[in-house]
Amino acid sequence: MVISSKDNDRIKAARRVRDGREPGMIFIEGAKLAAEALRSDIKVEAAFITVDARGRDAAAGALLRDPRIKGAPVFEVTEPVIASISDTQAPQGIILLARRPALRPVTPSATLLLGLDRVQDPGNMGTLLRTAEAAGVDAVIPLGGCADVYSPKVLRSAMGAAFRMPLAAAEGGDLTLPPGMKVAAATGEGDMDYCEFDWRVPVLLLLGNEGQGLRPELLARCDARLRIPMARGVESLNVAAAGAVILFEAARQRRQAGQKTAKARKSD
């Protein structure tokens, strides 16, 4: 049976998940993002697919045969109905509703963490997740007031990184870090060039709100306050750009340290 009414109860429920009105659920749209979610062993509660997508999109059809969807109801819907659920201008024909993954504690073996304080723009949040993954960050810690890492807009911007990147919990902004880990903050008032900081040591990098920066109580925990030197007349970088600049400097230093260690071992 094909659902053709936008007022169907299951369609209304899907819209509630899309709009963030079902706290324990997340909304995953598109075959590529759905595949990333399934690889993370997410618990799917329902799937919606258009008749056309099932026929023309081999990836979408294959997803519905994935054993990890087994047991979840799959509903065929019309194009107008999928458009009424979709969070995009161009619906991709497949949507999953899934259980929200739980955030995890920071692992003691972590050596590079990214903490985000009140990063509210979904595009910035998604970009930071992708950047953190690419730079080798062990986990990202939302510290409160951030855009929901599992909202449709952040999931799209992160291109699946939200399902691959470990996301750690910090209840009420309470940070419990591995022993000996340094804390560095990116701030326009920083007194150290970010390139001069030793990123080879275990460190948490803090990035703050796009307009207000980090909360004072987080700044008070910092061992270093870092700045990015910029050309005259440039006031600041967007938080995602600043994060990319700093994290890839950290990755560069760590890569070089690893290469030196490997050479030393060969010479022995």
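What's the total number of residues in the range 203-236 that are assigned to a loop (DSSP other than H, G, I, E, B), touching a strand residue (DSSP E or B) at 6+ places or on another chain (Cβ under 9 Å) and more than 21 Å from T176 (Cα to Cα)?
Qualifying residue count, the range 203-236: 2.
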Could you list, in sequence order, all residues of the range 131-190 that are among the polar types (S, T, N, Q) and closer than 15 Å to R100 by Cβ?
S151
Hey, can you tell me all the residues within the range 1-16 that are hydrophobic (A, V, I, L, M, F, W, C) and touching an Asp or Glu at 6+ places or on another chain (Cβ under 9 Å)?
M1, V2, I3, A13
Taking the range 144-188 on its own, how many of its residues are part of a loop (DSSP other than H, G, I, E, B) and not hydrophobic (A, V, I, L, M, F, W, C)?
14
In the range 234-251, residue surrounded by the most Cβ atoms within 10 Å (Cβ to Cβ) [restricted to those that are farther than 16 Å from L214 by Cβ and out of contact with any helix residue (DSSP H, G or I) (no Cβ under 8 Å at 6 or more places or on another chain)]:
E249
Restricting attention to the range 98-119, does a residue exist that is within 15 Å of R18 (Cα to Cα), part of a loop (DSSP other than H, G, I, E, B) and either small (G, A, S) or touching a strand residue (DSSP E or B) at 6+ places or on another chain (Cβ under 8 Å) (or both)?
yes
Kindly evaluate L116 against the criterion of being within 30 Å of A250 (Cα to Cα), in the same structural domain as P142 (by TED's automatic domain parsing) and crowded, with 17+ Cβ neighbours inside 10 Å.
yes
Within the range 124-183, the count of residues that are touching a strand residue (DSSP E or B) at 6+ places or on another chain (Cβ under 8 Å), crowded, with 17+ Cβ neighbours inside 10 Å and of a type in the set (K, R) comes to 1
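The values are calculated or read from the model by the stated rules, or taken from the named source; none is laboratory data. Because the structure is a prediction, the values reported are computed rather than measured. Backbone-built Cβ (ideal geometry, glycine too); neighbour counts: all protein chains shown.
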